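What follows is a set of notes on a single structure, which appears directly below.
The values are calculated or read from the model by the stated rules, or taken from the named source; none is laboratory data. All of these numbers come straight from a predicted model, not from anything done at the bench. Note that each Cβ is placed from the backbone with ideal geometry, even for glycine, and that neighbours are counted across all protein chains shown. Accessible surface is based on the protein model in full, side chains and every heavy atom, while ligands, DNA and RNA are left aside. Shrake-Rupley method; radii C 1.70, N 1.55, O 1.52, S 1.80 Å.
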Amino acid sequence: MTPVILLAAEKKSAEVTDWAARIGWLVGLVLFVVLVYWLMREGWKWRGTLQGDLPEPPSAPDDPGPARLSMSGRYHGSTTAGQWLDRIVAHGLGTRSRAELTLTDAGLDVVRPGAADFFVPVAALREARLDKGIAGKVLTEGGLLVVTWAHGDRLIDSGFRSDHAAEHNEWVDAINSMINTHSTEGAER
């Protein structure tokens, strides 16, 4: 009977939960998450400060002319041309939002509810293409309409996704033909 008495003597009651330690860990975790969020916000503001030399984007003219094409969809941001991860945040160009695009003879009008609208004059347009990604957004091949334009001394890529992705090819063709037409007219003058 000795082994049975030893087994009964070795049993202990379950440990009581240490609530102070659990609350301490929880508070520490919350403070860590708040610190990371604050650092991300400060980094975003610092990036905007570094891009402070970028001029304010132009606004649409009073009479841009009749619309050649219009599209509703999403604006996914702008980056330095050719560097799809170098997001531009100055003047609200880094803010993702819904967008209404209108292509006229004067240029590309981007209306963004809840964010700053901007206008790209036809003389500033450089290229339109289909791509698969821009900072913070990666899609299937050809799922993103990317418009390259000159602003100040920089070339900027702006990414758009239509609610109806089949429209993208028509936009690429229309913008590139406008660029070619405008550049040949400028060469004749």
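Please check: in the Gaussian network model of the chain (C-alpha springs, under 10 Å), which one of 44, 25, 171 has the largest mean-square fluctuation.
25
So, counting K/R as plus one and D/E as minus one, what does the shell of residues with Cβ under 12 Å around residue 48 add up to?
Spelling it out: positives minus negatives among the neighbours equals +2.
What residue among 20, 90, 165 has the largest mean-square fluctuation in a Gaussian network model of the chain, using Cα springs under 10 Å?
20
Mind checking which helices in the chain clear 18 Å along their axis (Cα) and have mean Kyte-Doolittle hydropathy of 0.0 or more, DSSP H runs only?
Long hydrophobic helices here: 19-50.
Carbon and sulfur together cover what percent of the accessible area of the chain at a 1.4 Å probe radius?
Carbon and sulfur: 60 percent of the exposed surface of the chain.
When the Karplus curve 6.51 cos²θ - 1.76 cosθ + 1.60 is applied with θ = phi - 60°, which whole-Hz ³J(HN,Hα) does each residue of the range 103-117 get, with x for Gly and Pro?
Rounded to whole hertz, the list is 9, 10, 5, 7, x, 10, 9, 10, 9, 10, x, x, 9, 6, 6.
Projecting each Cα onto the charge dipole of the range 77-189 (Lys/Arg +1, Asp/Glu -1 at the beta carbon, about the Cα centre), which of 159, 144, 91 comes out farthest on the positive side?
Of the listed residues, the answer is 91.
Lys and Arg at +1, Asp and Glu at -1: add these up for the other residues within a Cβ distance under 15 Å of residue 139 and post the number.
+1
Quick query: amide H of residue 117 versus all other amide H atoms, modeled in the peptide plane; which residues come in under 5 Å with a sequence gap of 5 or more or a different chain?
112
Please give me the summed charge of the neighbours of residue 64: other residues whose Cβ is under 10 Å from its Cβ, Lys and Arg +1, Asp and Glu -1.
Neighbourhood net charge equals -4.
What residue among 170, 100, 56 shows peak mean-square fluctuation when the chain is described by a Gaussian network model with Cα springs under 10 Å?
Checking each option, the largest mean-square fluctuation is seen for 170.
How much area per residue is accessible in the chain when the probe is 1.4 Å and only protein heavy atoms are counted (Å²)?
That works out to 63 Å² per residue.
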